[in-house]
1. Out of every Cα-Cα pair in the chain, what percent are more than 33 Å apart?
2. What does the accessible area per residue of the stretch 224-340 come to in Å², with a 1.4 Å probe and no ligands, DNA or RNA counted?
3. Compute the distance from the alpha-carbon center of the stretch 286-305 to that of the stretch 82-100, in whole Å.
4. On C-alpha positions alone, give me the angle between the axis of helix 182-193 and the longest principal axis of the chain, in degrees, nearest 10.
5. At a Cα cut-off below 20 Å, give the lysines reachable from K334, other chains included and same-chain residues fewer than 8 away excluded.
6. Would you list W349, W186 from the most to the least accessible area, probe 1.4 Å?
7. Relative to the longest principal axis of the C-alpha atoms of the chain, give the angle of the C-alpha long axis of helix 79-91, reported between 0 and 90° and rounded to the nearest 10°.
8. Compare the peptides 98-105, 317-324 by average per-residue count of other Cβ atoms within 10 angstrom and give them in order, highest first.
Amino acid sequence: MLERKRKLQILSDSAQFDLCDYSADEKQRNVNLPGIYYSSMKGCKVPLFKVLLSNKCYNDCKYCLNCSKREFTRIELEPDELSKVFMDYYEKRYVKGLFLSSATIDDVDNTMEKLVEVVRILRHDKGYDGYIHLKILPGTSKELIKRAMELSNRVSINIETATADGLSALSSTKDYKIDIIRRMKWIKKIHDKNPDLTPSGQSTQFIVGAVEETDQEILKRISWLYDKLNIKRTYFSSFQALDGTPLEDKPEPDPRRSIRLYQADALVKSYNFKLSEFEFNEGFLDLEMDPKYVAALKSDLFPLNINTATYDELIRVPGIGPISAKRIISKRRKSRINSLDELKGMGVWVKRAGKFLYIDGYQSNLDNFQ
Ligand code: SF4
């Protein structure tokens, strides 16, 4: 019989591939207490208890630590036991929220019932009213999804791949359109009907490099997810060739690929970039330069007059983000912008932006700008 701390260590190690932060969680983990990871929330790092209910899985996702084909210690915590550990961490102020997931133990709904029971105990029996991010297992029934949403701040289903063919190449037990996309649509419908449920909406996660999909295919899917399903956040987990999995010999992707995808994702989500604005080389983003800079180098839009450019044009300039673009527009309502120094004071990365701008007929030459 494994002692609880050891069980928690195994289950929190298994949870590390479910991301709740842009940066590498692993480095920020508190090694003395299993399951504590840091997430970014409104610009702050917040400690969360991130754990799986179980690592027993009947699915056979070829890249996954918990793949049914892999041999290792399989364990499961009872909902009561898990909720007790969480409350202990919470009351001692080690964590400020819960990120709960599980492998699919036997039957999808049986496992999901147990996850929902953990959250029900916390909300109803223990009176916990803090943050809960609950994973919805692919294939979960609509009734259970609704119950999960009634109890959680955020829910998510990992989409894993950009296409149905991609998922079929990785798993023989999960159906992309039925088990994942259909469930994501249900979440949106339930949320649209009652926005008080899961106030933080739904997020999702891709595994990058486990299957031969291009960045272009991934970004096409992401654009669709934001547009049609109102996804709040997308995470990218870089494929790792784990020992004992069917993909243990597959080469891992360049770690910069996920970084470029995060940057492109931000452009789609917050800068309203269209897929046609990105530059791809045989479907892949440039690994050396960020996608906004690459797109700007190829665009006919530049150079822009800083005193007449619209908001949408300004945020396409490398070195200008939404905040500095708003400051520029606000400043222009009062007076013209006459120098690069003024832009620097508004948060513009002038060395980067300069070659894409001109000030009333004068194209800035920033080679000597400090
Ligand atoms: S469903 Fe697939 S990805 Fe999820 S734990 Fe099981 S094997 Fe891993």
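The values are calculated or read from the model by the stated rules, or taken from the named source; none is laboratory data. Please read all numbers here as calculations on a predicted model, not as lab measurements. Glycine also receives a Cβ, built like all others from the backbone with ideal geometry; neighbour counts cover every protein chain displayed. Surface accessibility is based on the protein's heavy atoms, side chains included, excluding ligands, DNA and RNA. Shrake-Rupley method; radii C 1.70, N 1.55, O 1.52, S 1.80 Å.
1. Taking all Cα-Cα pairs of the chain, the fraction more than 33 Å apart is 37 percent.
2. Solvent-accessible surface per residue comes out at 51 Å².
3. Computed from Cα coordinates, the inter-centre distance equals 45 Å.
4. So the inclination is approximately 70 degrees.
5. K326, K344
6. W349, W186
7. Long axis of 79-91 versus the principal axis of the chain: about 50 degrees.
8. The peptides rank, most packed first, as 98-105, 317-324.
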